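Please read the structure below before turning to the comments.
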Amino acid sequence: MTINKTEGFSKNYDNAARLSKTLKRAGYVDIALDVGQSGVKIHEACTIGTDLAVYKDII
């Protein structure tokens, strides 16, 4: 039995390869979203309480 005689092998192989590429891209998108979320959390952590500090300086 060779690959050429296996029915639907090339179709299934192409589908698996396409799925693999799609999942790889989805992984990159996930990493980018995590980096963005981390940046937002860092910004939030650095800015919370600064309004209170400014208010205390005024008084």
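Condition test on Asp14, is it surrounded by 10 or more Cβ atoms within 10 Å (Cβ to Cβ), at pLDDT 95 or above and either in a helix (DSSP H, G or I) or in contact with a Pro (Cβ under 8 Å, 6 or more places away or on another chain) (or both)? Quick ask: steps written out before the conclusion?
Numbers: surrounded by 10 or more Cβ atoms within 10 Å (Cβ to Cβ): yes; at pLDDT 95 or above: no; either in a helix (DSSP H, G or I) or in contact with a Pro (Cβ under 8 Å, 6 or more places away or on another chain) (or both): yes.
Criteria not met by Asp14.
Condition check: at pLDDT below 95, touching a Phe, Trp or Tyr at 6+ places or on another chain (Cβ under 7 Å) and loosely packed, with under 10 Cβ neighbours inside 10 Å. Does Ile59 satisfy that?
Values: at pLDDT below 95: yes; touching a Phe, Trp or Tyr at 6+ places or on another chain (Cβ under 7 Å): no; loosely packed, with under 10 Cβ neighbours inside 10 Å: yes.
The answer is no for Ile59.
If I go through the range 31-52 residue by residue, how many of them are exposed (fewer than 10 other Cβ atoms within 10 Å of the Cβ), of a type outside the set (A, V, I, L, M) and either part of a helix (DSSP H, G or I) or modelled with pLDDT of 95 or more (or both)?
Here the count works out to 5.
The values are calculated or read from the model by the stated rules, or taken from the named source; none is laboratory data. Given the structure is predicted, the values throughout are model-derived calculations rather than measurements. Using ideal geometry, Cβ is built from the backbone for each residue, glycine included, and neighbour counts are taken over all protein chains shown.
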